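*Asks:* Mind looking over this structure? Questions follow.
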Amino acid sequence: YQGLAGRSTNEILQLYAAHGQQMKLQRSSVVTQLHGAIKKRLKQDLKSLHSFALELSKDFQRQSKTCLYQVLAAVQGIQLQNEAMQMFQIKAFDLEQSLQEVTERYEKEKQKRKALHNSLIELRGNIRVHCRIRPLLPFDDAAGHSVSQDRQRNFSEKAAYAADDETVLVKCSRPGHASVNKTFQFERVYSDLESQDAVFADVAPLLTSLLDGYNVCIMAYGQTGSGKTYTMLGPQLEGNLAFSTEEESELGIIPRATQEVFRLISEKPPGSYWVEVSVVEVYNNEIFDLLAKDSYGGVFGVKRDVVTTREGKSDVPLLTHETVENASEFLHLVNKGLQLRVTHPTLVHAHSSRSHLVVTLTITTVVLGDNFGTLWEDEQTSQRFNKEAFCTFPQKMRDNKSTSSSRASSPVQLEASQMKQVKTRLQLVDLAGSECVGMSGVTGAALRETSFINRSLSALADVLGAIAEQRAHVPYRNSKLTHLLQDSVGGDAKLLVMLCISPGQKYLTESMQSLGFGTRARQVQRGQVKKKNFPVPSKGK
Ligand code: ADP
Ligand code: MG
């Protein structure tokens, strides 16, 4: 600025303009330089960016390719697996089908085997033994023993099971010992889940043979509380006059068998069959007629005796045989008898399991000449026969009914000489409790009761033993029970023993005793069960 002093304004302006120009030039060259540098840098960046992008896309391509391969491989794998799965499914289906076929075949074979087994039993005269295991019930828990809580729990555990429909499995466990499994085989084993229906389904075929001319006896054996009365009668029929039809599914063998017998009879020509009932109790080795009436028509348990007839059969003279025409009449009678069983003063015993109950249905069949079983095949003959002669029988029977007091009053004397009667018998037995109660501490009536039960049941076992060993003498007369049941046990009846088992651990001893009894009974061979296809004129009753 010192240099400017003394210069003219013009000069100063020129200088200033020149300076501005110079500055401008300088600035533009810097800008140009800067621009160049930036451009260069940008170019470089762009280039590296480009190459980076290129790399990236190449990498991406590479990676997606491998992914694609992997996906393809996976898809292929899945496809293969799918195919394998399908193969497996087909195989499984085939296997299932063949299993079903095998099962069906097995069932058929089993049926065949059972049928063959039944024929074998019949041929050998074996006793059929079925075994029913009742469910565990609330009273099984009741503390009946003075044992510790721990043992108590153990006691109410199940010890007896149905392994299958022919095998009972018993777990025998003693304190301090490893438990041992024992198995028992019977013709049929019912699990605790099986209904009264299922039990009766296996019993029913025996009833058909009743009308074919065979005697049949069904006998329940087991300790007190094991379900004998439940199986034979039903849950509340005992001592209960009111027979409730709503509970029909709960009915036991006795009412069902009667219904079945009457159903079978209803398919036959009317008047050709009739049914008589007797109800007998064996208590303290005495036989009581539970249907006997006194002179006023009141009912008393009248003592009867059992005798052996000249033909070697057992018979109870004067035993009341009431004719019944349907199942409800029968049930009414049986209920009356059962009431008596509980209330009659001479028969006072706290528990009905202290006596043996024998309900007998005698079925009389009228046959013409020697043709039992074939008589009714000719419908015309049957109708003619009905019109001419048969109508007199039912009438006669009805007339007899009010006074019927013994077998002798049944219409044996036939008007038509060619007509014969065949009697077959269905005996249904609810035995007294089989437990061996210790005699110590028991006195008076209870002691007598217990010793009579023990004696009668061991007499039954002895009889079976004697028959099994084919001894010349069978000790039927050692007890009234065996004497009364002589024809069914040792004779020509189809005999079914229904073993009843309580499953609880605390009943193990009694259950084993019952299973042992059943096993021995199965081994008894009595010779072929005979069919009553007479009549032979001299013997026809
Ligand atoms: P038992 O005549 O052998 O002394 P019960 O038939 O009186 O024995 O049976 C004892 C109890 O067990 C009864 O209350 C009966 O109803 C019950 N009971 C027995 N068997 C069965 C079963 N299969 N299902 C249900 N309850 C049963
Ligand atoms: Mg009973």
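*Asks:* Condition check: touching a residue at least 24 places away in the same chain (Cβ under 8 Å), within 16 Å of ligand 2 (Cβ to nearest atom), under 12 Å from ILE501 (Cβ atoms) and assigned by the TED database to the domain that holds ASN454. Does THR224 satisfy that? Write out each step before concluding.
*Replies:* Details: touching a residue at least 24 places away in the same chain (Cβ under 8 Å): yes; within 16 Å of ligand 2 (Cβ to nearest atom): yes; under 12 Å from ILE501 (Cβ atoms): no; assigned by the TED database to the domain that holds ASN454: yes.
Here the answer is no, as THR224 does not meet what is asked.
*Asks:* Quick one: count up the residues across the stretch 337-374 that are modelled with pLDDT of 80 or more and within 15 Å of ligand 2 (Cβ to nearest atom). Lay out the reasoning, then the answer.
*Replies:* Step one: filter the stretch 337-374 for residues modelled with pLDDT of 80 or more, giving 337-338, 354-366.
Those left that are additionally within 15 Å of ligand 2 (Cβ to nearest atom): 337-338, 354-359.
So the count comes out to 8.
Quick grid of which residues meet (1) outside any loop (DSSP other than H, G, I, E, B); (2) away from ligand 1 (no atom under 16 Å from the Cβ):
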| site | (1), (2) |
| --- | --- |
| PHE184 | yes, yes |
| PHE200 | yes, no |
| PRO205 | yes, yes |
| CYS217 | yes, yes |
| ALA220 | yes, no |
| GLN223 | no, no |
| PRO235 | no, no |
| THR258 | yes, yes |
| PRO269 | no, yes |
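*Asks:* Of everything in the stretch 123-143, what is closer than 24 Å to GLN523 by Cα and open to solvent by 50 Å² or more (accessible area, probe 1.4 Å)? Give them in sequence order.
*Replies:* LEU123, ARG124
*Asks:* Another question, if that's okay. Looking at (1) of a type in the set (S, T, N, Q); (2) part of a loop (DSSP other than H, G, I, E, B); (3) modelled with pLDDT under 80, find the lone condition where GLN383 falls short.
*Replies:* Going through the list (1) of a type in the set (S, T, N, Q); (2) part of a loop (DSSP other than H, G, I, E, B); (3) modelled with pLDDT under 80, GLN383 breaks only (2).
*Asks:* Pairs only if they're at least six apart or on different chains, beta carbon under 6 angstrom, first in the stretch 307-327 and within 14 Å of ASP487 (Cβ to Cβ), second in a loop (DSSP other than H, G, I, E, B); list them, first residue then second.
*Replies:* Going by the 6 Å Cβ cut-off, the qualifying pairs are SER314/VAL306; ASP315/THR309; VAL316/VAL306.
The values are calculated or read from the model by the stated rules, or taken from the named source; none is laboratory data. Just so you know, these numbers come straight off a predicted model, no measurement behind them. Don't worry about glycine lacking a Cβ; one is built from the backbone with ideal geometry, like all the others, and counts go over all protein chains shown. When the accessible area is computed, the model is the full protein with side chains, heavy atoms only, and any ligands, DNA or RNA have been set aside. Shrake-Rupley method; radii C 1.70, N 1.55, O 1.52, S 1.80 Å.
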